[in-house]
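Below is one structure; the comments refer to it alone.
The values are calculated or read from the model by the stated rules, or taken from the named source; none is laboratory data. It should be emphasised that the depicted structure is a prediction, and the values quoted were computed from it without experimental measurement. Virtual Cβ from ideal backbone geometry, glycine too; neighbours counted across all protein chains shown. Calculation scope for accessible area: heavy atoms of the full protein, side chains included, ligands and nucleic acids excluded. Shrake-Rupley method; radii C 1.70, N 1.55, O 1.52, S 1.80 Å.
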Amino acid sequence: ILPSLCRAVVLFDCLCASPKACLIYQVHPVHTHTSYKNSVLVSVLFHLSKYFERRFDGRVRIFGSCLFLVMNILWQPICIYVPALTLNQVSGISVSTIVPLTSFVCILYTSVGGIKGVVWTDVIQGFVMIGSMAFVIVQGTIDLGGLGVVLDRNRQFGRLVAPEMTFDPTARMGVFALFVGGALFKLQANGINQSIVQRYLTLPNNKAVKKALILSLTGFMIVLLMCCYIGMLAFAEFYHCDPITTGLARAKDQVIPLYVVRSVGRFPGVVGLFVAGVFSAALSSLSTALNSLSGVILKDFVEPYRSKPLTERQTAYVLRGVVVVFGLISMASVPIVQRLGLVMQLSTTVAGITCGPLLGAFSVGMLLPFVKTESLLAGISTAASLTAYIVVRAQMAIFNGTLTFQTKPVSVEDCDYSFDLPSNWNATTPAPSAKSSSHAIHEISFLWYTAIGSLGTVLGSLLATLYFGRQDPRVVDKELISPILHNYWYGEYETVSCEEKTDLALHESVTQLKLDQPEKA
């Protein structure tokens, strides 16, 4: 809850108060006169990428777009893998068969429907997802004998535990990592993510954006609590017979689908509804990412290098072509994801490499007007490289078994089916996790990845300022800076005469407001 509250406060006070500083440009889909369906998306992405160019220059804009492309290339295979894993456990169909079918369906409705198709499918998929989870929760609780039984079994076997009260950065779920790292992760996910900002910009005004954020905050907490409770239901069902040890489930991410089959499989259509809910959640994210990706490619990598503007038909073809190409790339990358570990950790890891530095770049742009372009480029390059090194080293260590995590004990004493038990298995005590005598940097919790990328960008930019020097804050358009800092950075310059203003060297951008021109009311 705390990361979500931090997210809401920062977004309300810092992002939504100034359209230029927060990229919340007014886009009214109902008044858009262009005929192709992706016109709103193109306008959205134009304004989003333009912030970096106005605050710094085109180099930062391209660098940010490249990070966004890398993030999507790494993250989209996860969205395809999640529903494939679920359907594989429920139906027995191989993942290699499910992945192409899932990908083609998502690519089809995303490329044809555009942003309108994405939003409407998201609405339908959201209802399916919440409805299926609610049914599983109610029926599962009844079958187990009530809420008290569920809580007692989880408490008895040590599953109801608070975060580790430690500041040790290597603690995987330490309280400090959850509050600080988790807050920054949710901030980047809902504050500077291209896919989320495009939704803000389809709303008519800032008041509607704030209302949407409040609803998002409420929905996020509800869904998170529902997911946690379904996990508790699964343990209460399998506490006496661990399905992973017996081989009934081949991966940890398949335990919940297995529980759904065992719990509500007797009701016709319910298992299919749950699988549809998982597909809905994954395909909703994938379609949004593909739609945003197509706009970034168009505005930052196609249109700037053309001598004449694209026609509406050409623009539509480019957008749809990008959706198809990157959808196929994501589909081909799924086998790599299968070998990398848990889905939740993977998604946080991918965000840390790219979105962490981007969050730091937006923070520098909106909070520190004295930082030059060269200083930011040095800071974001260093932070992105460091984060990528940590993530790659950690994934390699997890893959080869040198980095492991302590697990809870499980039991197979009361299983009612036959299975092959490993010879070295002890039914009450798990094999001890291997502990490294040294504490390498890649052993830190994955929750810190976004914090390293964002804070590293800010600190690196400040340190680079010692070499590249500071710039006068007055050369930056005041409306590109967070409103809560206007008095701090610009208060002492309110009475500067027009003659003094005209002597300032302004930012070299055709869109930069001139200080010697009167501001519009």
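Out of Pro369, Pro409, one residue alone is surrounded by fewer than 18 Cβ atoms within 10 Å (Cβ to Cβ), assigned to a loop (DSSP other than H, G, I, E, B) and either out of contact with any helix residue (DSSP H, G or I) (no Cβ under 7 Å at 6 or more places or on another chain) or modelled with pLDDT of 80 or more (or both). It is Pro409.
Taking into account only those residues within the range 306-331 that are more than 16 Å from Met71 (Cα to Cα) and of a type in the set (Gly, Ala, Ser), which is least open to solvent (accessible area, probe 1.4 Å)? Here the answer is Ala316.
Residues in the range 149-164 that are outside any strand (DSSP E or B) and touching a strand residue (DSSP E or B) at 6+ places or on another chain (Cβ under 8 Å): Pro163 only.
Evaluating Glu237 against the criteria (1) modelled with pLDDT under 85; (2) open to solvent by 30 Å² or more (accessible area, probe 1.4 Å); (3) not aromatic (Phe, Trp, Tyr) leaves one unmet condition, (1). Can you say whether Phe399 is in a helix (DSSP H, G or I) and modelled with pLDDT under 90, as far as the supplied structure shows? Criteria met by Phe399. Within the range 305-331, residues that are hydroxyl-bearing (Ser, Thr, Tyr) have Cβ atoms under 6 Å from residues that are open to solvent by less than 40 Å² (accessible area, probe 1.4 Å) in these pairs: Ser330/Gln76; Ser330/Pro77; Ser330/Ile80, counting only partners at least 6 apart in sequence or on another chain.
Sort out which residues of the range 383-396 are in contact with a Ser or Thr (Cβ under 8 Å, 6 or more places away or on another chain) and either modelled with pLDDT of 90 or more or of a type in the set (Asp, Glu) (or both), and write them in order of number. It would help to see each step written out before you state the result.
Applying the first criterion (in contact with a Ser or Thr (Cβ under 8 Å, 6 or more places away or on another chain)) to the range 383-396 yields 383-384, 391, 394-395.
If the condition is that a residue be in contact with a Ser or Thr (Cβ under 8 Å, 6 or more places away or on another chain) and either modelled with pLDDT of 90 or more or of a type in the set (Asp, Glu) (or both), then Ala383, Ala384 are the ones that fit.
Would you confirm, using the coordinates I've provided, whether Ser375 is among the hydroxyl-bearing types (Ser, Thr, Tyr), farther than 30 Å from Leu248 by Cα and part of a helix (DSSP H, G or I)? Let's see the steps before the verdict.
On the way: among the hydroxyl-bearing types (Ser, Thr, Tyr): yes; farther than 30 Å from Leu248 by Cα: yes; part of a helix (DSSP H, G or I): yes.
So Ser375 passes the test.
Listed by position, the helices (runs of 4 or more DSSP H) inside the range 439-521 whose residues that are modelled with pLDDT of 75 or more and open to solvent by less than 80 Å² (accessible area, probe 1.4 Å) number at least 3 are 449-468, 486-490.
Arg339 meets the stated requirement of being under 23 Å from Thr97 (Cα atoms), part of a loop (DSSP other than H, G, I, E, B) and over 17 Å from the mean Cα position of the chain (by Cα). Take the residues in the range 134-177 that are within 30 Å of Ser445 (Cα to Cα) and of a type in the set (D, E, K, R); name whichever of them is most open to solvent (accessible area, probe 1.4 Å). Result: Arg155.
Restricting Ala183, Ala177, Ala171 to those that are over 30 Å from Tyr109 (Cα atoms), part of a helix (DSSP H, G or I) and in contact with a strand residue (DSSP E or B) (Cβ under 9 Å, 6 or more places away or on another chain) reduces the list to Ala177.
Would you be able to say whether some residue in the range 239-249 is out of contact with any Ser or Thr (no Cβ under 6 Å at 6 or more places or on another chain) and on the phi > 0 side of the Ramachandran plot? Steps first, please.
The initial filter retains those residues of the range 239-249 that are out of contact with any Ser or Thr (no Cβ under 6 Å at 6 or more places or on another chain), namely 239, 241-249.
Imposing the further condition that a residue be on the phi > 0 side of the Ramachandran plot reduces the set to 247.
Scanning the range 239-249 turns up at least one residue that is out of contact with any Ser or Thr (no Cβ under 6 Å at 6 or more places or on another chain) and on the phi > 0 side of the Ramachandran plot.
Leu215 meets all of the listed conditions (1) over 23 Å from Ala84 (Cβ atoms); (2) surrounded by 17 or more Cβ atoms within 10 Å (Cβ to Cβ); (3) not hydroxyl-bearing (Ser, Thr, Tyr) but one, namely (2).
Looking only at residues of the range 382-407 that are small (Gly, Ala, Ser) and touching a residue at least 24 places away in the same chain (Cβ under 8 Å), we find that the one that is nearest to Leu67 (Cα to Cα) is Ala384.
To keep it simple, each residue is scored yes or no on (1) charged (D, E, K, R); (2) over 20 Å from Ile98 (Cβ atoms); (3) surrounded by fewer than 19 Cβ atoms within 10 Å (Cβ to Cβ); (4) free of Cβ contacts under 8 Å to residues at least 40 places away in the same chain.
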{"residue": "Leu233", "(1), (2), (3), (4)": "no, yes, no, no"}
{"residue": "Gln254", "(1), (2), (3), (4)": "no, no, yes, no"}
{"residue": "Phe267", "(1), (2), (3), (4)": "no, yes, yes, no"}
{"residue": "Thr288", "(1), (2), (3), (4)": "no, yes, no, no"}
{"residue": "Phe301", "(1), (2), (3), (4)": "no, yes, yes, no"}
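When Ala276, Ala249 are checked against the criterion of being surrounded by 15 or more Cβ atoms within 10 Å (Cβ to Cβ), within 29 Å of Ser103 (Cβ to Cβ) and in contact with a Pro (Cβ under 8 Å, 6 or more places away or on another chain), Ala249 stands alone in meeting it. Within the range 91-112, does at least one residue satisfy the condition of being open to solvent by 40 Å² or more (accessible area, probe 1.4 Å), at pLDDT below 85 and in contact with a Pro (Cβ under 6 Å, 6 or more places away or on another chain)? The answer is no, given that none of the residues of the range 91-112 is open to solvent by 40 Å² or more (accessible area, probe 1.4 Å), at pLDDT below 85 and in contact with a Pro (Cβ under 6 Å, 6 or more places away or on another chain).
For beta carbons closer than 7 Å, sequence separation of 6+ or different chains, a first residue in the range 97-112 that is under 13 Å from Arg320 (Cα atoms) and a second that is modelled with pLDDT of 85 or more, the qualifying pairs are Cys106/Gly327; Ile107/Val323; Ile107/Val324; Ile107/Gly327; Thr110/Val323; Ser111/Arg320; Ser111/Val323; Ser111/Val324.
For (1) β-branched (Val, Ile, Thr); (2) without any contact (Cβ under 8 Å) to a residue 24 or more places away in the chain, each residue gets a yes or a no:
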| site | (1), (2) |
| --- | --- |
| Trp120 | no, yes |
| Ile124 | yes, no |
| Phe127 | no, yes |
| Asp143 | no, no |
| Leu147 | no, yes |
| Asn154 | no, no |
| Val161 | yes, yes |
| Ala171 | no, no |
| Leu178 | no, no |
